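Engineer: Sharing a structure with you now.
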Amino acid sequence: MTTPVTWWWVRHGPTHAKNMVGWRDLPADLSNKAALERLSDFLPDQAAVVSSDLSRAVSTADAVTGTRHRLPHQQSLREFNFGDWDGLHWDEVATRDPALSRAFWEDPGDHQAPNGESWNQLAGRVSGSVDRINTNGHRHVIAVAHFGTILTQIARAGGMTPYAALGHKIDNLSVTRLDWDGRLWSIHSINHLP
C-alpha cells in the first residue's frame, strides 16, 4: 500500500541578490529570527526535512529542523541551472540573448539557458527526487528549495503549463503545500507566509 505524503515546500531565506541566481552558492540572510520561528512553528513536527545542497537552502533547513528527521541534501533539488546567465542582471541577459531569454520565460519547456538547463530538465530532475522520497514512508516532507524548483511541482500538482506556474509568486520563507494521495497530486496552498 502506498502512503500519502504531504509536501511542505519552503523557499530559502533571502540572498538580497539583484541578479540571476541559479547554482551560484550565495548564503541566505537568516537574521529574521522571528520569521524563522513562525515558520518552524507552522510546519508539522513529525516530518522529514530535506533541502537542496546549496548553502542558502541548507542553512534555512537547518534553522527550522529542530527535532525533525533530517534527510541528506539533494543536488536534484537545486534551482534552475542558469548557466552563462547566472550572476547577470535580467537586462544584461535580455541584451545578450534577446530571443532566447524571452522564449525561456514566455514559452518555457525545452528552451535552455546557454550552458544551463531548460524548464523540462529542471522539472524532470526535481520530480525524480520527489518520487524517490515518496517511497521512503514519510507522511510529511519539508523540502527547503528554490523558486523554480517549487514552481515545477506546482505545475505538476495542478496540471498546469510551465508558463502558468511561472505566474505564481514564491516569497522567501513561504510555504507551498502539495498533497500526494498515493496516486494523484493536489494543491492545498501556494506561497503562504506564516
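Engineer: Within the bounds of region 12-35, is there any residue that is assigned to a helix (DSSP H, G or I) and among the basic types (Lys, Arg)?
Structural biologist: First, pick out the residues of region 12-35 that are assigned to a helix (DSSP H, G or I): 33-35.
Next cut, among the basic types (Lys, Arg) only: 33.
Among the residues of region 12-35, at least one is assigned to a helix (DSSP H, G or I) and among the basic types (Lys, Arg), which makes the answer yes.
Engineer: Arg177 is checked against (1) open to solvent by less than 20 Å² (accessible area, probe 1.4 Å); (2) in contact (Cβ under 8 Å) with a residue 60 or more places away in the chain and fails just one. What number does that condition carry?
Structural biologist: (1)
Engineer: Here is a check on your reading of the model: is Arg132 touching a residue at least 60 places away in the same chain (Cβ under 8 Å) and basic (Lys, Arg)?
Structural biologist: On the way: touching a residue at least 60 places away in the same chain (Cβ under 8 Å): no; basic (Lys, Arg): yes.
Judged against the criteria, Arg132 is not a match.
Engineer: Considering only region 80-95, I want to know if a residue exists there that is crowded, with 19+ Cβ neighbours inside 10 Å and over 23 Å from Ser129 (Cβ atoms).
Structural biologist: As a first pass, look at region 80-95 and keep what is crowded, with 19+ Cβ neighbours inside 10 Å: 80-82, 85-86, 93.
Filter again for over 23 Å from Ser129 (Cβ atoms), leaving 85, 93.
Yes.
Residues are listed down the side, and each one gets a yes or a no for (1) at pLDDT below 95; (2) more than 15 Å from the chain's Cα centre (by Cα); (3) more than 28 Å from Asn19 (Cβ to Cβ):
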| position | (1), (2), (3) |
| --- | --- |
| Pro98 | no, yes, no |
| Met160 | no, yes, no |
| Val175 | no, no, no |
| Asp179 | no, yes, yes |
| Gly182 | yes, yes, yes |
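Engineer: Then there's this: Considering only region 1-40, how many residues are closer than 21 Å to Leu71 by Cβ and either surrounded by 13 or more Cβ atoms within 10 Å (Cβ to Cβ) or of a type outside the set (Val, Ile, Thr) (or both)? Don't jump to the end; show me each part of the working.
Structural biologist: The first filter runs over region 1-40 and keeps only residues closer than 21 Å to Leu71 by Cβ, leaving 2-13, 23, 25, 28, 30, 36, 39-40.
Subsequent filtering for residues that are either surrounded by 13 or more Cβ atoms within 10 Å (Cβ to Cβ) or of a type outside the set (Val, Ile, Thr) (or both) retains 3-13, 23, 25, 28, 30, 36, 39-40.
Going through region 1-40 one residue at a time, the tally reaches 18.
Engineer: Check Arg139, Arg125 and return the single one that is touching a strand residue (DSSP E or B) at 6+ places or on another chain (Cβ under 9 Å) and either open to solvent by less than 20 Å² (accessible area, probe 1.4 Å) or within 24 Å of Arg70 (Cβ to Cβ) (or both).
Structural biologist: Values: Arg125 fails: touching a strand residue (DSSP E or B) at 6+ places or on another chain (Cβ under 9 Å).
Going through Arg139, Arg125 in turn, the sole match is Arg139.
The values are calculated or read from the model by the stated rules, or taken from the named source; none is laboratory data. What you are looking at is a predicted structure, and each value in this text was computed from that prediction instead of being measured. FYI the Cβ positions are ideal-geometry reconstructions off the backbone, even for glycines, and counts take in every protein chain you see. We work out accessible area using only protein heavy atoms, side chains counted, and drop any ligands, DNA or RNA first. Shrake-Rupley method; radii C 1.70, N 1.55, O 1.52, S 1.80 Å.
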